[in-house]
1. Name every residue in segment 229-252 that is touching a Phe, Trp or Tyr at 6+ places or on another chain (Cβ under 9 Å), within 18 Å of R275 (Cα to Cα) and part of a helix (DSSP H, G or I), in order of residue number.
2. Scan segment 272-284 and give yes if some residue there is modelled with pLDDT of 95 or more, more than 26 Å from F33 (Cβ to Cβ) and surrounded by 20 or more Cβ atoms within 10 Å (Cβ to Cβ), otherwise no.
3. For segment 145-200: of the residues being aliphatic (A, V, I, L, M) and in contact (Cβ under 8 Å) with a residue 60 or more places away in the chain, which is farthest from R295 (Cα to Cα)?
4. Assigned to a helix (DSSP H, G or I) and at pLDDT below 95 - does that describe any residue in segment 36-47?
5. Give the residue, chosen from E137, E194, that is among the acidic types (D, E), farther than 25 Å from E74 by Cα and not assigned by TED's automatic domain parsing to the domain that holds F10.
6. Return the total of residues in segment 26-51 being in contact with a Gly (Cβ under 7 Å, 6 or more places away or on another chain) and farther than 29 Å from V90 by Cα.
7. Identify, from the list I109, I98, I89, the residue that is aliphatic (A, V, I, L, M), surrounded by 22 or more Cβ atoms within 10 Å (Cβ to Cβ) and touching a residue at least 12 places away in the same chain (Cβ under 8 Å).
8. List pairs: first in segment 58-69 and modelled with pLDDT under 95, second part of a loop (DSSP other than H, G, I, E, B), Cβ under 7 Å, 6+ apart or cross-chain?
Amino acid sequence: MYAGAKGIFFALSRSAALKRLASKYGMRSRDSFARRFIAGETVEEAIDTSRRVQSEGLHLTLDYLGESVRTSEEATAATRAYVGLLDVIVVAGIERNISLKLTQLGASIDRATCVDNLRRILDPAGRHDFFVRIDMENSPWTQMTLDIFETIWQQDYRNVGVALQAALYRSERDVQRMNELGARVRLVKGAYKEPDSVAYPRKADVDTAFLRLTKLLLDEGTYPAIATHDPAMIDGTLAYAAERGFDKSRFEFQMLYGIRRDLQAKLSAAGYAVRLYIPFGREWFPYFMRRLGERPANLGFVIRGIVREK
Ligand code: FDA
């Protein structure tokens with residue numbers, strides 16, 4: 001069921017007809033169903049949400065949605081949008097932290113284009129003290145993402161970190177490598193349907209790997225982000241940090257906008273840094289479908305939402 005639901009929703013996320021239907025109803029009004037997970041389609045809505053999140057004592061990272069762009073014009077447009085977003089964030093005075101995907105910047109066109117576009121964002125980001133997190137996409141992109149990350153790291157960019165997925169067998173090696181570099185890792189379970197040849201098919205094994213990698217990051221990493229809504233992973237992190245006498249400032253928790261607000265508030269009230277990943281933009285459909293794939297029960301509120309809107 002674990003891998004099965006992800007696979008079904010991944011396949012559906014490629015359906016143009018479903019995308020049209022969802023786009024019609026998902027964001028139409030203030031309580032349309034996609035707004036549960038997505039701050040809105042415009043940058044103004046994202047800034048409003050960010051202000052609200054900050055006023056609750058939470059940290060944030062803003063993600064301008066988009067992925068798998070097919071032409072260099074689209075990659076250039078996404079890059080420009082990100083550069084514009086930096087300016088908007090500076091003017092708004094909210095926290096300077098963004099997340100992005102390399103296939104949005106042209107990784108599927110060619111690597112050099114992607115590196116150039118990434119630098120176009122990292123340069124102004126560095127001047128304005130932003131931290132830039134590179135999300136991890138599905139496994140055909142893992143090696144390229146890490147190669148590009150190392151390329152820019154060797155070019156002395158330090159305002160950047162990467163996400164690694166506990167689901168992949170290779171991730172222990174990748175965590176070790178990032179720890180050696182002193183690079184900041186966001187650890188996630190992994191949102192994509194992957195073949196058994198590269199990833200643990202059973203949720204229990206992903207969870208075991210997540211806790212193992214968390215310990216490695218807490219012991220040897222640089223300000224890791226433990227990104228999960230799973231109370232067992234959070235308790236495991238807290239127990240290990242207590243056992244080793246690690247200070248709260250050694251790591252942060254991260255969660256997705258709209259998921260487990262109770263846990264976000266509880267950890268933040270207990271003095272832990274909690275950062276919310278706030279996605280926005282018109283290209284919200286694949287992101288939204290991954291959230292459904294993680295928890296098929298979410299389909300209920302989508303169906304209720306469509307019926308209400310119609
Ligand atoms: P798990 O799936 O076991 O869920 C634990 C509990 O959380 C559930 O029981 C439920 O209560 C709640 N929950 C989880 N997902 C939910 C949902 N969709 N709707 C409602 N409740 C839900 N992945 C990736 O491959 N690359 C990346 O770069 C990122 N980036 C990223 C950033 C941040 C800040 C987070 C929190 C997550 C990601 N992810 C990601 C997604 C990640 O890989 C994973 O798919 C989700 O976090 C769900 O896994 P959990 O760790 O929450 O555990």
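The values are calculated or read from the model by the stated rules, or taken from the named source; none is laboratory data. All figures in this text were calculated on a predicted structure; none of them were measured in a lab. With ideal geometry, Cβ positions are generated from the backbone for all residues, glycine too; neighbour counts draw on all protein chains shown.
1. Hits for segment 229-252 are M233, I234, T237, L238, K248, S249, R250.
2. Residues of segment 272-284 that are modelled with pLDDT of 95 or more, as a first pass: 272-281.
Still in the running and more than 26 Å from F33 (Cβ to Cβ): 272-273.
Subsequent filtering for residues that are surrounded by 20 or more Cβ atoms within 10 Å (Cβ to Cβ) retains none.
The answer is no; no qualifying residue exists.
3. Within segment 145-200, the subset aliphatic (A, V, I, L, M) is 146, 148, 152, 160, 162-164, 166-168, 175, 178, 181, 183, 185, 187-188, 191, 198-199.
Then keep just the ones that are in contact (Cβ under 8 Å) with a residue 60 or more places away in the chain; that gives 163, 191, 199.
Numbers: A163: 21, A191: 11, A199: 19 Å.
Taking the candidates together, the pick is A163.
4. Applying the first criterion (assigned to a helix (DSSP H, G or I)) to segment 36-47 yields 36, 43-47.
Subset that is at pLDDT below 95: 36.
Yes, that holds for at least one residue.
5. Working: E137 fails: farther than 25 Å from E74 by Cα.
One residue alone meets the criteria, E194.
6. Residues that pass the stated criteria total 2.
7. Details: I109 fails: surrounded by 22 or more Cβ atoms within 10 Å (Cβ to Cβ); I98 fails: surrounded by 22 or more Cβ atoms within 10 Å (Cβ to Cβ).
On inspection, the qualifying residue turns out to be I89.
8. G66/G281; G66/E283; E67/K101; E67/E137; S68/S108; V69/G106
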